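Student: Encoded as structure tokens, here's the structure I'll be asking about.
What follows draws every value from the coordinates through simple rules; no lab data is involved. Keep in mind the model is a prediction, meaning the values are calculated, not measured. Counting neighbours? That spans all protein chains shown, and the Cβs are built from the backbone with ideal geometry, glycine included.
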Amino acid sequence: MTPALPADFRIDTSRRIPFGKGHAVSRGWTKATAGRPMGVTWHWTATYDLAACDRLLGGAEPERRGQASAHYAVGRSFAEGVSRYVSPANRSWHAGVEQKLRWDGRPSTARTKGARACIGIETVTIGYAREGVPAGPDWIEAATPDGRHIFRVEPWTEEQIAMMAAVGREIVALWPEIGPRGHHGHHDLCPAYKQDVLGFPFARVLRLIYADPEIPDVWSDVWMPEGRQRALARLGFDPGPVDGIWGPRSDAALRAFQATAGLEVNGWWTTWVCWAVHDREVGGTR
């Protein structure tokens with residue numbers, strides 16, 4: 001169960017990134033998005049604590065000065081808290097290179113890429129298991145958008161989920177046009193390049209942000225290739241054997257589904273595919 005925020009919880013704004021030459025921030029939102037953000041991009045820090053992210057991104061002299069930033073960084077515990085580096089009224093340079101898709105799953109352009117169109121939130125987690133970073137017993141298995149690689153992902157903590165929801169509520173209070181479908185991961189924008197945030201608890205976080213327990217979980221059943229194959233088969237798109245091995249037949253089935261659903265035909269299983277599967281099966285407008 002997600003714990004309540006402490007009575008003295010506040011988002012820390014002391015590490016604000018200043019505007020000016022050499023800093024990875026920009027004032028306001030552009031005409032390309034009607035002067036407002038179009039969505040929220042969730043990231044992970046690949047650090048063990050918030051202090052490391054603060055050093056990398058926050059304040060006047062961050063280690064990645066002029067290279068990257070984020071609007072918020074959410075620690076793993078109430079003791080760490082939340083840092084806000086950039087007001088959601090302005091832009092942070094959070095999405096980086098290799099942005100293939102924009103906030104709605106359509107091809108990204110220089111004017112509509114994530115850093116120019118979305119609010120970026122870093123969440124403190126070391127990310128995925130690799131050399132020197134062994135997986136714990138409760139780590140999550142999740143596949144990349146192309147279905148060919150499986151990662152073991154560190155889970156987000158209960159206190160962190162509560163704080164992520166608080167950040168989301170702050171954003172939505174300012175930009176109520178951003179609904180549940182306006183949230184996606186960095187791996188959705190850069191599906192052949194980034195892994196964050198595979199295995200993210202979108203449904204839990206969004207239900208808390210919007211105070212709506214009926215927001216469907218369109219993600220967790222299709223984190224893995226077998227779940228994706230099963231969903232395609234239910235919808236009448238033959239992925240071949242439902243065996244968790246994502247090969248040419250599964251790829252072709254996904255592309256066929258994307259074509260009929262009016263999505264970009266690219267073979268990437270993204271948040272927008274998750275929602276389209278949900279809409280085909282049970283309908284929905286959230």
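Student: Which ³J(HN,Hα) values, rounded to whole Hz and listed in residue order, are derived for region 69-79 from phi using the Karplus coefficients 6.51, -1.76 and 1.60 in 6.51 cos²θ - 1.76 cosθ + 1.60 with θ = phi - 60°, glycine and proline given as x?
Tutor: Whole-Hz 3J(HN,Hα) from phi for region 69-79: 7, 7, 6, 9, 9, 10, x, 8, 9, 4, 5.
Student: Hey, another quick one. Pairs of Cα atoms under 8 Å, at least six residues apart: use those to get the relative contact order of the chain, whole percent.
Tutor: 18 percent
Student: Sticking with this one: For region 60-129, which GluC sites (Glu not before Pro) are both in a DSSP coil and crowded by at most 16 other Cβ atoms within 10 Å?
Tutor: E63, E98
Student: Could you work out Rg/(2.2 N^0.38 Å) for region 83-178, with Rg from alpha carbons only?
Tutor: Cα Rg divided by the expected 2.2 N^0.38 Å: 1.27.
Student: Region 135-227: which chymotrypsin sites (Phe, Trp or Tyr not before Pro) are DSSP loop and have at most 16 other beta-carbon atoms within 10 angstrom?
Tutor: Sites meeting the loop and neighbour criteria: W139, Y193.
Student: Percent antiparallel among DSSP beta bridges with both residues in region 25-209, to the nearest 5?
Tutor: 50 percent
Student: Same structure, new question: How compact is region 220-282 by the rule of thumb for globular proteins, expressed as Cα Rg over 2.2 N^0.38 Å?
Tutor: Output field value: 0.96.
Student: Another question, if that's okay. Only loop residues by DSSP count here, and only those with at most 14 other Cβ atoms within 10 Å; note down the trypsin sites (Lys or Arg not before Pro) in region 138-174 that meet that.
Tutor: Those satisfying the criteria are R148.
Student: Now a separate question. For the Cα atoms of the chain, what angle does the longest principal axis make with the long axis of helix 271-282, in degrees from 0 to 90, nearest 10?
Tutor: Helix 271-282 sits at roughly 50 degrees to that axis.
Student: Determine the gain in length on full extension of the stretch A129-V97; use 0.36 nm per residue of separation and subtract their C-alpha separation, reporting nm with one decimal.
Tutor: Gain in length upon complete extension: 9.2 nm.
Student: Also, quick follow-up: Relative to a virtual label point 7 Å from the Cα of Q67 in the Cα→beta-carbon direction, which members of region 154-198 show backbone nitrogen distances below 19 Å?
Tutor: 193-196
Student: Something else: Going by alpha carbons, how many degrees (0 to 90, nearest 10) lie between the helix axis of 248-260 and the longest principal axis of the chain?
Tutor: So the helix axis and the longest Cα principal axis differ by about 70 degrees.
Student: Points 7 angstrom from Cα along the Cβ direction at D8 and S77: gap in nanometres?
Tutor: 1.6 nm
Student: Report, ordered by chain and residue number, the lysines lying within cross-link reach of K31, taken as a straight Cα distance under 24 Å and ignoring same-chain residues fewer than 8 apart.
Tutor: K21, K100, K113
Student: Counting only Cα, what are the radius of gyration and maximum Cα-Cα distance Dmax of the chain, in Å?
Tutor: Final numbers for Rg and Dmax: 18.5, 56 Å.
Student: At R0 = 41 Å, how high is the FRET efficiency between A211 and R255 if r is their beta carbon distance? Nearest 0.05 is fine.
Tutor: The calculated FRET efficiency here is 0.65.
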